[in-house]
Amino acid sequence: MQCVILAAGEGKRMRPLTVRRPKVMLPLANRPMLEHLVLASRDAGILDFVFVVGYGESEIRDYFGDGSRMGVSIRYAPQRHQKGTADALAAARHLVHGTFLLMNGDMIVRSGDIRDIAAGISPCMGVFPSDHPEDYGAVVLEGTRVTCICEKSANPPARTINAGIYLLDEEIFQVTESIPVSSRGELELTDALSMFLAEGRLKAHHIRYWLDVGYPWDLLDANKSLLVDHVVLENTHIDGVEITGPVSIGEGTIVRQGTCIEGPAIIGKDCRIGPNAYIRGSTSIGDRCHIGHCSEVKNSIVMNGTNLPHFNYVGDSIIGTGCNLGAGTIIANLRHDRALVKACGKETRKRKFGAIVGDGVQFGINCAVNVGTVIGPDALIGPHSFVEGCIGQGTVIGR
């Protein structure tokens with residue numbers, strides 16, 4: 001069976017992290033989220049993939065190549081203009097035959113669920129229960145038959161949502177040719193599925209485990225899940241270093257004395273850790289990073305080439321590539337009133353959340369970053385600055 005993965009979008013809700021990379025290439029447990037989806041599918045027995053690519057496609061092609069490194073075959077179908085999910089699927093038409101799986105590239109599912117839906121009968125869509133179905137397409141069921149797909153309604157008729165994984169066959173391409181442009185100006189896959197629904201043919205498969213990665217703060221939940229459940233980590237012993245729980249340390253990384261690492265955690269290649277650093281659970285640190293003297297990182301994603309060299313604290317945050325935190329710079333992650341944190345006016349649904357820092361941001365010494373702060377790429381933050389709110393790309397604060 002083939003698997004088509006939709007990976008053409010930028011992921012505008014993920015800005016500023018997607019300014020220089022497509023959403024599906026954001027790292028989780030030190031692998032692009034798209035790679036986790038490929039590996040789960042491979043473990044379910046699927047070896048033939050078609051990636052629909054567009055924004056940032058060169059990075060995807062360069063990383064995955066023909067798929068042989070992962071024991072699979074990957075071909076590419078460019079979607080030159082992002083005109084909706086049905087248009088994205090149509091871009092892969094010449095590469096697809098028979099019954100196939102279709103998946104959004106920005107979610108986390110397990111191989112068992114992929115295997116089960118692949119064994120079903122087309123047309124079928126994966127569904128999942130949600131506490132906030134108004135953010136998704138709500139799906140009304142009668143037994144296993146889908147009777148309604150209601151896109152992002154303020155008053156959703158059900159708490160079951162569209163999980164973005166489908167079992168389809170070549171008939172879908174004929175259907176997509178006849179659907180109208182939606183009110184959002186796009187060709188929507190759900191409009192094509194509604195034609196099957198009207199004929200009483202669209203079935204639902206209940207997914208047991210599913211994580212949507214729609215906003216930057218969702219990366220933290222997905223990262224934690226992958227560290228705990230998906231990534232094989234090994235306990236490591238280093239003299240003078242306290243390591244508890246499963247911890248993976250990459251080749252060429254040096255961990256100096258007095259450092260404490262609590263798993264699950266993963267540290268990439270050629271990093272410098274310590275002395276006396278503290279890396280707490282659910283943290284992923286990329287390649288060529290420096291977590292130095294008396295710096296602490298907790299439940300965070302620190303991307304390649306970023307330095308926290310002296311007396312820094314980063315909690316519940318996502319830090320892009322090539323950033324540097326001056327000595328004494330800290331990121332707050334908890335409001336005094338314990339209320340849920342907002343980021344640029346968006347509800348994160350998190351009581352503890354720090355900051356989203358784009359690529360190449362440079363901080364001077366003794367900066368303080370407030371909860372829910374979003375900083376665009378290449379911002380320059382002068383010494384002793386207090387930073388909060390939404391900071392645009394290339395902004396200069398202080399001197």
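Averaging the sequence gap over all C-alpha pairs within less than 8 Å and six or more residues apart, then dividing by the number of residues, gives the range 2-214 a relative contact order of 23 percent. Our summary gives the range 229-397 a relative contact order of 12 percent, counting only alpha carbon pairs under 8 angstrom and 6 or more residues apart.
Of interest is the spacing of the C-alpha centroids, which for the range 91-121 and the range 228-304 amounts to 35 Å. Shape call for the range 240-317 from the C-alpha gyration tensor, a ≥ b ≥ c root eigenvalues: rounded (a/c under 1.5), prolate (a/b greater than b/c) or oblate? Because its axes are fairly even, with a/c under 1.5, the range 240-317 counts as rounded. Fewest neighbouring Cβ atoms within 10 Å first, the residues His336, His310, His36 line up as His336, His310, His36.
Shown here for the range 325-363: trypsin sites (Lys or Arg not before Pro) in loop regions (DSSP other than H, G, I, E, B) with at most 11 other Cβ atoms within 10 Å, namely Arg338.
Which of the listed residues, Trp210, Ile108, Ala222, is farthest toward the dipole's positive end in the chain, when Lys, Arg count +1 and Asp, Glu count -1 at the beta-carbon? Selected residue: Ala222. Its DSSP H runs of at least 4 residues, each contributing -39,500 (n - 2.57), put the calculated 222 nm mean residue ellipticity of the chain at -4000 deg cm²/dmol, to the nearest 500. Counting lysine pairs in the chain that sit 8 or more residues apart in sequence, or on different chains, and whose Cα atoms lie under 16 Å apart gives 10.
For the range 2-214, the Cβ-based charge dipole about the Cα centre amounts to some 500 debye (Lys, Arg positive; Asp, Glu negative; other atoms uncharged). Charges on Cβ only, +1 for Lys and Arg, -1 for Asp and Glu, centred on the Cα centroid of the chain; of Ile165, Cys3, Gly328, which one is farthest towards the dipole's positive end? Among Ile165, Cys3, Gly328, the one farthest towards the positive end of the dipole of the chain is Gly328.
Put +1 on the Cβ of each Lys and Arg and -1 on the Cβ of each Asp and Glu in the range 4-49; which of Phe49, Leu17, Pro32 then has its Cα farthest toward the positive end of the dipole? My answer, from the dipole projection, is Leu17. The translational diffusion coefficient of the range 2-214, from Stokes-Einstein at 25 °C and 0.890 mPa s with a Kirkwood hydrodynamic radius over alpha carbon pairs, comes to 142 µm²/s. Give the shape of the range 281-341 as rounded, prolate or oblate, defined through the alpha-carbon gyration tensor: a ≥ b ≥ c are the square roots of its eigenvalues, a/c under 1.5 means rounded, and otherwise the shape is prolate if a/b is larger than b/c and oblate if not. Prolate, because a/c is 1.5 or more and a/b exceeds b/c. Note on the chain: with charges restricted to the Cβ of Lys and Arg (+1) and Asp and Glu (-1), its dipole about the Cα centre is near 820 debye. Remark: the range 291-307, residue by residue, has Karplus-estimated 3J(HN,Hα) of 10, x, 4, 6, 9, 10, 10, 9, 6, 9, 10, 10, 7, 3, x, 9, 10 Hz, where x stands for each Gly or Pro and the curve is 6.51 cos²θ - 1.76 cosθ + 1.60 at θ = phi - 60°. Under a model in which nothing but the beta-carbon of Lys, Arg (+1) and Asp, Glu (-1) is charged, the range 229-397 shows a dipole of about 540 debye around its Cα centre. If you take the alpha carbon atoms of the chain and fit the smallest convex hull around them, that volume is 138 Å³ per residue.
Each distinct pair of alpha carbons in the range 229-397 adds a 1/r term; the inverse of their mean, the Kirkwood radius, is 15.8 Å.
Every read-out reported here was derived from the displayed coordinates using simple, explicitly stated rules and does not represent laboratory data. Being a predicted model, the structure only gives us computed values, none of them experimental. In this analysis, Cβ positions are derived from the backbone assuming ideal geometry, glycine residues included, and neighbour counts consider all displayed protein chains.
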